[in-house]
Each structure stands twice: as C-alpha cells, then as structure tokens.
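J.: Here's a structure for you.
The values are calculated or read from the model by the stated rules, or taken from the named source; none is laboratory data. Just so you know, these numbers come straight off a predicted model, no measurement behind them. Cβ coordinates were reconstructed from backbone atoms using ideal geometry, including for glycine residues, and neighbour counts include every protein chain displayed. Calculation scope for accessible area: heavy atoms of the full protein, side chains included, ligands and nucleic acids excluded. Shrake-Rupley method; radii C 1.70, N 1.55, O 1.52, S 1.80 Å.
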Amino acid sequence: MKFTDGQWLLQPGVSAHYATETYAVDVHDDRVVLLVTTRPIKHRGDTLQGPTLTVTLRSPLPGVIRVSVEHFSASQAPRLHVPMVGATSPALQVTETDKLVTVTSGPLSVDVKKGEGYGLTFREGDKVLTRSDWRSLGYLQWAGKANYVHEQLTLAVGEYVYGLGERFTPWVKNGQTVENTNKDGGTACEQAYKSVPFYLSSRGYGVLVNEAGPVSFEVASEKTSRVQFSREGETLDYCVVAGPTPKAAVARLTELTGRAPLPPAWTFGLWMTTSFTTQYDEATATHFIDEMARRELPLSVFHFDCFWMREFQWCDFEWDRRGFPDPEGMLARLRAKGLKISLWINPYVAQRSPLFAEGVREGYFIKRANGLTWQTDLWQPGMAIVDFTNPAAKAWYQGHLRRLLAMGVDCFKTDFGERIPDKDVVYFDGSDPVEMHNLYALQYNEAVFELLQEVQGSDAVVFARSTYASGQRFPVHWGGDCWSNFESMAESLRGGLSLTSCGFAFWSHDIGGFEGNPPPAVYKRWIQFGLLSSHSRLHGSSFYRVPWLVDEESCVVLQRFTRLKHQLMPYLYATAIAASETGVPTMRAPVLEFPDDPACATLDRQFHLGDALLVAPVFTDSGEVDVYLPAGRWTHLLSGEVVDGGRWRRETHDFMSLPLYVAPNTVLPWGQETERPDYDYARGVVLRVFALDKGATAPFVVAAVDGTIAARGTVTRDGEGYRVRIVEGALQDWAIEVDGVRSPVQAGPSLDWSAQ
C-alpha cells in the first residue's frame, strides 16, 4: 500500500506522523523500551498532544531482534502473530552512551540513536545490514479509511529481495507490491496460496514481519531504496534475522518458526493421481496402476482426487459406492501391489453432505455475527467451513479421517484453505477473522498432520496447497493450479524458489501442468523437472496424466527419470534429513548456494538439489537451454562431460537429458535400486567421485531409509590415488567410482585405491 505521492507529497487524505526523536530509553532484563515522539521536543509544551510511539526491542532467539511498535496499546484486541515455536528469549546485552544505545543478541546488534533524529541501525559485527532511517517508521491516519503503521528498512546498492511466500511473479521482488493475503488465484498472477511475511536479502539477512493478518509490502516500489511493510491498526511487529549468508538466515528463521519433520522415504517416489474432473472408478484406477507396472514405470503412491466422494457431498468422507463398491478390499489390493494411498480432502462441508446438519447442530462451523452458520456457494453449493478453533470440531473432523486411515489410507492431500471469509464472521475462540484468514490454513494442516503423526508416526505426511509462515512444520506443499505450457512451468519454479527461500524444506508441483492438455514436449520436460524436485506428482484437471496418452516416448522419459531419482536416494534422503535438521531446503535458489557469485543473485530458471546437484529445466520445444555454472569443474551427471564453470553455457538436450551437473569436489552416493525409493541405501552403494582436486578431501553422507544416517566419511585424493574413510556407521558391498572407473565391490571401513 502506497501512502505517498512521489517524494514530497502524501496521498489525498493521509496524515503522516513519523518517528522523530527517541525521548526516553528504559532498559529491562529482557527488553529495551523506547519512547519515540513524532516531533522534536524543544520544551514542555511539545510533550502535549500528538502521537507518540512505544518501540520495544526484544530477542526471541540469538541472532534475531524483534521490534514491536505501538501507538494505542489498549484500543484493539491483542494481535495474532506468527507461531515462534523455537523462541528461547535469550538475555540481551545492552550498552548505552549519551548518544547511542546498542542492543545485542548473538551476532546481531541494533544501534538506537538517542535524542532528535530517530534511527535504528542493524549490524552483524561491523557490517551494517539495514536501517530504519528518516521517515521510515510512521503512524498514518487515512481519512475515510483507517489508521496504519509502517516501517521502511533500507536497501543497499545492488541488494536484491526474495521470498514473501510462494510467489509466481519475478523471483527478484525489487519493484513489486506484494499483498500478504492467501488467495486461490492459481500460478499465473500475483496472488499466492502460501503467503509468508518474510523476505530474504541477497546480503545475507532476513526480515520476518511478525503479523498474522494482511501485510502490504512495497519492495523498492514506493521508496526505491527501501522495503516498506505496513499493517492496518495501531501496532506493528517485525524481526530482523541475522545470517551471515542467505542460507544461514533461512536456517535461523526455521530455528525460530519451526522445521519440517522428515517425510518418509516412500514419499520421494512417483505419485500418480486420477486427475480432477476426469471419469474414474476402481476399474480406471486399477487399469492405470497395472499399465504402469506392465510398462515398468515405477510408482510409489496412488492418489484419489475429489470424486472419490459423491458429487455435491464434499466432504462427507464416504467413498462413492457407485464407482468404489468395496473400498476396503480395493485399498487392500492396491497396497498388496506395494502402493501407498492418498485421498483428497478440504476443510469445507457441503450442504448436501450428511455431515452438514450435524456440524450445524453442534456448532462445528464458522458462524456469522448473528450466530448462524456462514455459508457460500463458491466451490461446493451451500458449503460451510470447519472451525478448527473449536476443539470439538477439530476432533470431529479428525475422527472421520481416523476412520479412513483405519481403512487403509496412508495420507491426505489437504486442498484449499484460502477462501476463508474475513468479514461478518465469528470464530469459536473469538479470534479476529481478518487475522485468522491466513492462519486458518495453518490450523487446518496442523489438525490433519497431528492426527497422522498420532496414527502413522514417522510416516506422517500431507500434500498441502495453502499455508502461512511456520507452515513448513507440516510437509509437503505443492504449487497449486498451473497451466500446461512452458511459461507456467517456469512460473512454478519461481514459486518454489520463493517458498523454499522462506524455510520450506520440501516442495512439489503438478507434472505436466494442472489446467489444459500438455503438448508432448511440455509433458516430457516437466517430467524431468518434476522427478528432480524433492517430491514428484503426476496430476491434472480434465485430462489424465498417464504418459502413454501423451506419446510412447513419454513412457521412456518417465521411466528414465523415475529410476534416476531412485538411484539418487542415498544422497537425496541424506539431503532431506539435513533439511529437517537445519532448515536449509532440499531445493535451493542459486543465491543460497553461491551468495558471493553476482551472476547467481538473479537466477530463477535453475536450482540446486542439495549441495551437489545443479538442475536447469528446459523450457523450449527445441531443447535449447541457457545454464550458468559457477566457478570450478562441473560434471554432467548423465553424460560424464566435464566443463569449466564461471560462465554461461548454451546447450541443446533431447528428452533423455537436461543440464544436470555435479558440483566440483563431490562424492555422490549412488544407489543400486531403480524400482522404488525406499530401500537399504547402504547396501551396494557406489561412492561416485567428481572432479576432486589433488590433495583435496570431500565428505559424503549416506542416508538410511528409517531417517537416520547409515554412514559418514571422506574421500581424499592423494596424487592419482584415492583414500576412503568411513568415520561413522557402515556400508555393505560398497564401491568407489572415479571418472567412470569403478573399483571391485568392497567391504569394511576404509579403502585405498588408484584409478590407474
């Protein structure tokens, strides 16, 4: 939201009161409280009338400084904030002189200018990260609208801003206006299913606006050298998060807001669905599954989309017996084929559902201010919305899911959760409906994930569309409704890079696009992109996404890249374990991996899969693609070609290949199983050594399928020989491969070997 009209004027009707002077400083054990005036105080008369602001500095975590701004402190209900499940509230270090107060938490400090000329300067050591300068902090009264608080933090020359949730607009957010409100808008617009009020700076810090309700961001779009964020009301709360690198800032953010539990290994295999509005029943589903097996196309999860329930009755959690007369028997038969089963759900109950009357009677739905049930026709006719702030409603909803789990279902696709009303609405616990609009998605996914953890233990996983800040605690998330073309494939990647830069460790998208029927080239290129993402799902709207309906070559491409992902699982699952432990996502923007390479600062058409792999999806019919390789010797995983980095390359790939490079000085654990993602990764693993410099040592980690680490070790190059040391755990029947030459199968904790 813009409050100014250019550099000097305000929008008509706006009265602005800017922080001008730090008049008083009160130091407490856990906070520093500033009395900030909006005009200079020259004499006693200046202390009368006019807004003052109370600015409180705290630290919820070492390296994080929280700034809370209040105008009127008691004229509105307490605000809802971002869940900070990792907050520890460490002691602050405070030093004070006549002109300056410095508050320090871990590596992060903020200098407060005392007296006239209010300002905050955030530092990491001697490095200034950002500042709240002249006319940055303001209280604004807009006649006929509302009151607002805004903050503006400075941007340095050449500084880029990323994140703000799953945004399908350009990856670099400079120049954009971003409204932090969840909406069901698809991937082809500025709206987002997953709003996260956190932005990441290319200079290695982040800012989390600690608000649940809508926040408006002007990223170098109102003031070209500042990021402005504003909120209607009398208060504003934000946190500055130290790095010193973008990756470290994301890790610290997730330490504060929670990290993703590790999804089970089977979820990393291929998911296939019935699609949405296509005709399907048990025979159709079984035919797809059997045909995948006949064509030797590995499949891990089968998903039944909306019409597993009868039309007009979503959600009643009952199988449509016209198409699925024996659901218990069908699920048993599918599980006997080695498949896991996923079901579509949403948090709405249609008027025709047999559960509707019960929900109304028991008060399980969101209500209007007059006490009656809130209803809409937008999606399911007459539907109501489950009120998860009501413990009884939450237990009721979970009870129906519990029955499906007992039947043989493994997980749920938690769709929707964005179309939540924020006017004329009353929640059971009295929550402000404006602030609950975004938080609703968190409560919905938490209710489902909590039940899955109770019943399934470490096998708990959802496939979620909507979320908010801290939603990484309930994985996995997918990118929503995209079109079946290269442009939408690219915007999906931008959305994934933006979301993972906000601490979301695991992310997926609809292979082939959701809307429309993908041309063969789009479908095959999206297969490559999808199978090199953390999670991989074939899904569409009105067309089946099985490969043989596209063309025969699609079957070959799907087989090749599904098997490739399975062989990468010893490495990929170790990366997932690290993501769960550190908060650093499995799929990463280039700037997270190479923050000191200026060429990586704006890259949004390629990504890193863990530390070792660089992936550049192909977005052209011709197979032509531009890829940037940072400095060093990179090895193409599929061809073995070694090329020098530090430059752009223009390459052309057929459908069996794409730019997939292994980083220099890498030991890549390579699995022996091609047909499934969950197997004994330590048995038969090959340690593939890529471009290891003479005298260099490279680490490796091999995951175990139960989520632990099977083995850690190092490979050292000494002259033309290689020395392998396993320092933790053990491998069975393992081997080493250098430049395509593989040693005999080995056993034991160490190996000395020469490729000559």
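J.: What number of residues in segment 428-459 are of a type outside the set (Asp, Glu), surrounded by fewer than 18 Cβ atoms within 10 Å (Cβ to Cβ) and in contact with a helix residue (DSSP H, G or I) (Cβ under 8 Å, 6 or more places away or on another chain)?
T.: Adding up the residues that qualify gives 2.
J.: Quick check: is even one residue across segment 561-574 over 27 Å from PHE504 (Cα atoms), open to solvent by 10 Å² or more (accessible area, probe 1.4 Å) and modelled with pLDDT of 95 or more?
T.: Within segment 561-574, the first condition is being over 27 Å from PHE504 (Cα atoms), and the residues that meet it are none.
Within segment 561-574, none of the residues are over 27 Å from PHE504 (Cα atoms), open to solvent by 10 Å² or more (accessible area, probe 1.4 Å) and modelled with pLDDT of 95 or more.
J.: While we're here: Filter segment 685-712 down to the residues that are more than 30 Å from the chain's Cα centre (by Cα) and at positive phi, then identify the one that is most open to solvent (accessible area, probe 1.4 Å).
T.: Ranking the candidates gives GLY695 first.
J.: Can you go through TRP266, TRP319, TRP344 and tell me which one is in contact with a helix residue (DSSP H, G or I) (Cβ under 6 Å, 6 or more places away or on another chain), under 30 Å from PRO83 (Cα atoms), modelled with pLDDT of 95 or more and open to solvent by less than 30 Å² (accessible area, probe 1.4 Å)?
T.: TRP344
J.: Conditions first: (1) over 20 Å from THR254 (Cα atoms); (2) out of contact with any strand residue (DSSP E or B) (no Cβ under 6 Å at 6 or more places or on another chain); (3) in a helix (DSSP H, G or I). ASN517 passes all but one, so which condition is the exception?
T.: Every listed condition holds for ASN517 apart from (3).
J.: Moving on to the next point. For segment 650-678, which positions are of a type in the set (S, T, N, Q) and either under 18 Å from GLY740 (Cβ atoms) or buried (at least 18 other Cβ atoms within 10 Å of the Cβ) (or both)?
T.: SER657, ASN665, THR666, GLN672
J.: May I ask you to list the residues in segment 322-341 that are open to solvent by 50 Å² or more (accessible area, probe 1.4 Å) and part of a loop (DSSP other than H, G, I, E, B)?
T.: Residues satisfying the conditions are ARG322, PRO325, ASP326, LYS337.
J.: Kindly list the number of the only condition in (1) at pLDDT 95 or above; (2) open to solvent by less than 50 Å² (accessible area, probe 1.4 Å); (3) outside any loop (DSSP other than H, G, I, E, B); (4) under 30 Å from VAL627 (Cβ atoms) that fails for TYR681.
T.: The failed condition is (3).
J.: Only residues that are aliphatic (A, V, I, L, M), touching a helix residue (DSSP H, G or I) at 6+ places or on another chain (Cβ under 7 Å) and assigned to a loop (DSSP other than H, G, I, E, B): list them for segment 684-715, please.
T.: If the condition is that a residue be aliphatic (A, V, I, L, M), touching a helix residue (DSSP H, G or I) at 6+ places or on another chain (Cβ under 7 Å) and assigned to a loop (DSSP other than H, G, I, E, B), then VAL685, VAL705 are the ones that fit.
J.: Considering each of GLY163, GLY175, GLY185 in turn, give the residue that is modelled with pLDDT of 95 or more, part of a strand (DSSP E or B) and within 25 Å of SER492 (Cβ to Cβ).
T.: On inspection, the qualifying residue turns out to be GLY163.
J.: Could you look through segment 461-517, keep only residues that are open to solvent by less than 10 Å² (accessible area, probe 1.4 Å) and without any contact (Cβ under 8 Å) to a residue 40 or more places away in the chain, and pick out the one that is nearest to GLY610 (Cα to Cα)?
T.: That would be HIS509.
J.: I would also like to ask the following. Checking the conditions here, which among GLU651, GLU737 is touching a strand residue (DSSP E or B) at 6+ places or on another chain (Cβ under 7 Å) and over 30 Å from PRO598 (Cβ atoms)?
T.: Working: GLU651 fails: over 30 Å from PRO598 (Cβ atoms).
Sole residue among the options that is touching a strand residue (DSSP E or B) at 6+ places or on another chain (Cβ under 7 Å) and over 30 Å from PRO598 (Cβ atoms): GLU737.
J.: Follow-up. Please determine whether any residue of segment 493-500 is assigned to a loop (DSSP other than H, G, I, E, B), of a type in the set (S, T, N, Q) and in contact with an Asp or Glu (Cβ under 7 Å, 6 or more places away or on another chain).
T.: Within segment 493-500, not a single residue is assigned to a loop (DSSP other than H, G, I, E, B), of a type in the set (S, T, N, Q) and in contact with an Asp or Glu (Cβ under 7 Å, 6 or more places away or on another chain).
J.: Among THR273, THR254, which is at pLDDT 95 or above, within 24 Å of ARG403 (Cα to Cα) and surrounded by 20 or more Cβ atoms within 10 Å (Cβ to Cβ)? Before you say what the answer is, go through the steps one by one.
T.: Values: THR254 fails: within 24 Å of ARG403 (Cα to Cα).
THR273 is the lone residue from the list that is at pLDDT 95 or above, within 24 Å of ARG403 (Cα to Cα) and surrounded by 20 or more Cβ atoms within 10 Å (Cβ to Cβ).
J.: State all residues of segment 160-185 that are open to solvent by less than 10 Å² (accessible area, probe 1.4 Å) and either of a type outside the set (Phe, Trp, Tyr) or touching a Gly at 6+ places or on another chain (Cβ under 6 Å) (or both); if no residue qualifies, say none.
T.: Once the filter is applied, which keeps residues that are open to solvent by less than 10 Å² (accessible area, probe 1.4 Å) and either of a type outside the set (Phe, Trp, Tyr) or touching a Gly at 6+ places or on another chain (Cβ under 6 Å) (or both), segment 160-185 yields VAL161, GLY163, LEU164, GLY165, GLU166, ARG167, PHE168, LYS173, VAL178, ASN180, ASN182.
J.: Working carefully through the options LEU592, LEU603, find the one that is outside any loop (DSSP other than H, G, I, E, B) and either buried (at least 17 other Cβ atoms within 10 Å of the Cβ) or at pLDDT below 95 (or both).
T.: On the way: LEU603 fails: outside any loop (DSSP other than H, G, I, E, B).
Criteria check complete, one pass: LEU592.
Residue-by-condition table, conditions (1) farther than 28 Å from VAL349 by Cβ; (2) of a type in the set (Phe, Trp, Tyr); (3) at pLDDT below 95; (4) in contact with a Lys or Arg (Cβ under 6 Å, 6 or more places away or on another chain):
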position	(1), (2), (3), (4)
TYR440	no, yes, no, no
GLN443	no, no, no, no
ALA460	no, no, no, no
ASP481	no, no, no, no
PHE486	yes, yes, no, no
SER508	no, no, no, yes
GLN528	yes, no, no, no
GLY540	no, no, no, no
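J.: Answer yes if at least one residue in segment 350-372 is basic (Lys, Arg), part of a strand (DSSP E or B) and open to solvent by less than 60 Å² (accessible area, probe 1.4 Å), and no otherwise.
T.: no
J.: Have a look at PHE168, PHE198 and point out the one that is aromatic (Phe, Trp, Tyr), touching a helix residue (DSSP H, G or I) at 6+ places or on another chain (Cβ under 9 Å) and assigned to a loop (DSSP other than H, G, I, E, B).
T.: Answer to the check: PHE168.
J.: Consider segment 380-399. How many of its residues are farther than 17 Å from TYR427 by Cβ, open to solvent by 30 Å² or more (accessible area, probe 1.4 Å) and either among the charged types (D, E, K, R) or in a helix (DSSP H, G or I) (or both)?
T.: Total meeting the criteria: 1.
J.: So which residues in segment 537-554 are assigned to a helix (DSSP H, G or I) and open to solvent by less than 10 Å² (accessible area, probe 1.4 Å), if there are any at all?
T.: PRO547, SER554, listed by residue number.
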